[in-house]
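What follows is a single structure, written as structure tokens, with notes after it.
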Amino acid sequence: MRVKTSFSVILLIFCAVSTYALEKTACNCKDAVLLSMPRSFHFGPTTATGPYNGLQEITTSDKNSEIAFNKEHNPAWYLLDIQFEGELAFEIMPVDTTNDYDFLLYPYLDSNFCNALARKSVKPVRSNICSSTEQKGFTGLSTSATQEYHKQGPGDPFSKSLHVRKGEKYMLVLDNVTPEGQGHTIYFHALSKLEINGQVVNADSVPLVADVQLSDMKGKTLWQSSTNAKGAYQIKAAVEQNKNYSLTFLNDSSFVGTETITPADFKDVQVFSVKKMVLPKLEAGGKYNLGNINFYPSSASILPQSFPSVEALFKLMERNKKMVIQVEGHVNAPNNNEQAKERIPGEFQKLSDERAAAIRDYLITKGISKERISAIGLGASGMLFPDATTEKEQIANRRVEIKVVSIR
């Protein structure tokens with residue numbers, strides 16, 4: 001019996017299709033995968049992108065072109081339906097970091113887009129066709145990039161982020177130029193512009209010159225600078241909606257200050273006026289709560305958002321070469337529980353010991369002499385919220401405090 005092979009069956013042979021735990025891709029314009037984008041999200045990992053289906057839809061004979069592939073190898077097409085206003089950024093991350101991905105991003109005005117593309121009557125608004133293998137294959141759009149297009153050859157694998165509006169659509173075309181390459185994950189970011197204005201002073205309201213740093217909850221630094229002679233600073237950065245960000249403040253004669261910023265309802269520009277950040281005087285015998293150093297429940301593992309504060313503590317000790325501290329660990333144990341889970345007697349003490357030791361060991365690995373740091377656990381004796389009920393209160397109880405033993 002002869003079986004008739006349809007075009008759709010042939011297409012499935014060429015294109016990467018959906019399998020368990022892997023997202024599907026499409027290898028031509030008309031079958032582009034629709035991605036609705038109300039907020040930041042990720043798509044992938046995908047199956048390996050398949051070879052083009054016999055139709056070279058985006059090609060040029062100009063090897064120096066910034067707006068077309070010299071040849072399609074293993075394409076993947078995505079139609080982005082924008083549901084926010086702000087900056088669009090993304091990272092394309094290959095499953096195999098030796099794979100080299102290129103991309104083009106086009107405005108999608110109507111359903112005639114694919115025909116217009118075939119007639120070469122539409123041009124991309126962003127592109128990156130340079131080699132990305134030196135950056136572990138990562139490429140995409142970034143708020144820190146300055147160029148809109150990058151042509152073939154060595155160069156920055158990231159192009160400038162794009163301002164978008166709700167209701168707009170864009171066609172994103174990837175091409176994995178690596179033979180028999182693997183799939184990818186795309187991390188999309190819906191960003192708004194954040195402006196923060198504030199002042200740093202001491203306990204007597206005298207302005208301080210201090211270093212100021214804005215970090216995300218993974219510890220990545222987004223902005224850093226210093227206050228002026230009046231202690232004032234202004235931050236301008238691109239951030240994601242409804243995610244926490246950490247502000248740290250560092251002055252040589254003061255203890256570290258921290259503040260958490262949470263952009264709420266999505267707007268194109270969000271402005272925060274942070275009240276005066278008061279940095280306490282650094283003195284022997286002083287005990288300080290570095291509030292952003294916290295831990296996972298029932299664990300001595302440091303939360304990722306804590307690392308900017310731990311790093312600030314390291315820098316403070318670097319600047320005060322004779323400073324000796326004691327790290328004091330605490331647990332959250334209202335009604336003799338941590339994370340609503342009964343623990344055997346003595347385990348609270350053990351957990352608080354481990355938390356203090358985790359901070360001590362981190363500072364030692366950064367190069368601080370072990371003779372300058374001791375660690376002690378105080379169990380559940382020093383909870384900030386003895387009857388903690390909210391997650392915020394419980395997190396605040398899972399902390400360390402820093403006692404300055406001596407400075408000189």
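Order of 370-378, 229-237 by packing, highest average Cβ count within 10 Å first? Please report the intermediate quantities before stating the final value.
On the way: 370-378: 16.7, 229-237: 15.1.
The packing order, highest mean first, is 370-378, 229-237.
Kindly put I325, I261, I359 in sequence by how many other C-beta atoms sit within 10 Å of each C-beta, fewest to most.
Working: I325 24, I261 17, I359 27.
Fewest-to-most ranking of I325, I261, I359: I261, I325, I359.
Quick one: order D216, D204, D102 by neighbouring beta-carbon count within 10 Å, fewest to most.
Going from sparsest to densest Cβ surroundings: D204, D216, D102.
Check each of the GluC sites (Glu not before Pro) in segment 139-244 and keep only those in coil by DSSP with at most 15 other C-beta atoms within 10 angstrom; list them in order.
E180
If you take the charge dipole of segment 283-408 about its Cα centre, with +1 on Lys and Arg Cβ and -1 on Asp and Glu Cβ, which of S406, I395, L384 is farthest toward its positive end?
Of S406, I395, L384, it is S406.
Can you give me the distance in nm between label points at E85 and L384, each placed 7 Å from the Cα along the Cα-to-Cβ direction?
Label-label distance for E85 and L384, simple model: 3.7 nm.
Test of understanding: ordering K151, K392, K287 by Cβ neighbours within 10 Å, fewest first, what list do you get?
Least crowded to most crowded, the residues run K392, K287, K151.
Taking 0.36 nm per intervening residue step and subtracting the Cα-Cα distance, what contour gain separates T262 from A203 on full extension?
Numbers: separation 59, 0.36 × 59 = 21.24 nm, distance 2.58 nm.
Taking T262 through A203 to full extension adds about 18.7 nm, to one decimal.
So which lysines pass the test for K120, namely a Cα distance under 19 Å, with those fewer than 8 places away in the same chain ruled out?
Straight-distance partners of K120: K30, K63, K71, K151, K169.
In terms of Cα to Cα distance under 16 Å, which lysines are near enough to K392, apart from those fewer than 8 places away along the same chain?
In chain and number order, the partners are K243.
Using a cut-off of 16 Å between alpha-carbon atoms, which lysines can reach K370, once sequence neighbours fewer than 8 places away in the same chain are excluded?
K315, K321, K322, K403
With +1 on the Cβ of every Lys and Arg and -1 on the Cβ of every Asp and Glu, and nothing else charged, how large is the dipole of segment 94-134 about its Cα centre, in debye rounded to the nearest 20?
380 debye
Dipole magnitude of segment 283-408 about its Cα centre, charges +1 at Lys/Arg Cβ and -1 at Asp/Glu Cβ only, in debye to the nearest 20?
600 debye
Each value in this text was obtained by applying a stated rule to the coordinates, not by laboratory testing. What you see is a predicted model; the values in this text were computed from it and never measured. Note: ideal-geometry Cβ built from the backbone for every residue, glycine included; neighbour counts use all protein chains shown.
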